[in-house]
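Below you'll find the structure, written out as structure tokens, and then a few comments.
The values are calculated or read from the model by the stated rules, or taken from the named source; none is laboratory data. Worth saying up front: this structure is predicted, and the values here are computed from it rather than measured. Heads up, the Cβs are rebuilt from the backbone with ideal geometry, glycines too, and the neighbour counts pull from every protein chain shown. These accessible areas exclude ligands, DNA and RNA; they are computed on the full protein's heavy atoms, side chains included. Shrake-Rupley method; radii C 1.70, N 1.55, O 1.52, S 1.80 Å.
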Amino acid sequence: MEKYNPKSLQELRKQRKPIRNINIEQKQHLSQLNKLALWITDHVGTMGFFIIIFIWTASWLSWNTLAPAALRFDPFPAFVFWLFMSNMVQIFLMPLIMIGQNLQSQHAEGRAEADFEVNTKAEQEIETILMHLENQNEMMLKILQQSDKKSG
């Protein structure tokens, strides 16, 4: 009968890859342009930016339709109407979509961080269990050796 020699905790640790924090790794590998894109996304994807765009568009339209004719720089119905019709959807939807994406991203990152914490804790608990099992194996081997000496 072949003896079972379990791997030690140190041997298991050598085989295991270290835990990585993907969030930190991703941030470290971003190019300057990607960092700029993230900065723009973070700042444009806010309700504050949405309000600025709304006020700017309302001011543009109001000035060019209600101001004295001599002071209008883009009188109605020329470019103002085209600007209003063609860009209204883009102007209002882009920040709203980005807000939604930022919220989803924050949620996903929160979940990832929570998963990372749970996995780290689980690894520590598993290590503790493995250490206990290793100690039990050593104790059983000693008991078996003592038993073999007494019977042999």
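Some points to look at:
- Considering only 56, 22, 77, and ranking their Cα positions along the charge dipole of the chain that arises from unit charges at the beta-carbon of Lys, Arg, Asp and Glu, the one farthest toward the positive end is 22.
- 22 Å Cα cut-off, lysine pairs counted over the chain (separation 8 or more, or different chains): 10
- Dipole axis of the chain (+1 Lys, Arg; -1 Asp, Glu on Cβ), positive-most option in 112, 126, 98: 126
- Estimated from the Cβ-Cβ distance and a Förster radius of 35 angstrom, the FRET efficiency linking residue 42 and residue 72 is about 0.45.
- Full extension of the chain between residue 58 and residue 150 gives 23.5 nm of extra length, using 0.36 nm per residue less the Cα-Cα distance.
- Sum of -39500 (n - 2.57) over DSSP H runs of 4+, divided by residues of the chain (222 nm, nearest 500): -28000 deg cm²/dmol
- Think of each Lys and Arg Cβ as +1 and each Asp and Glu Cβ as -1; about the Cα centre, that makes the dipole of the chain roughly 380 debye.
- On a per residue basis, the chain carries 83 Å² of accessible surface, using protein heavy atoms and a 1.4 Å probe.
- Using the alpha carbons alone, the radius of gyration of the range 16-152 stands to its Kirkwood radius in an Rg to Rh ratio of 1.49.
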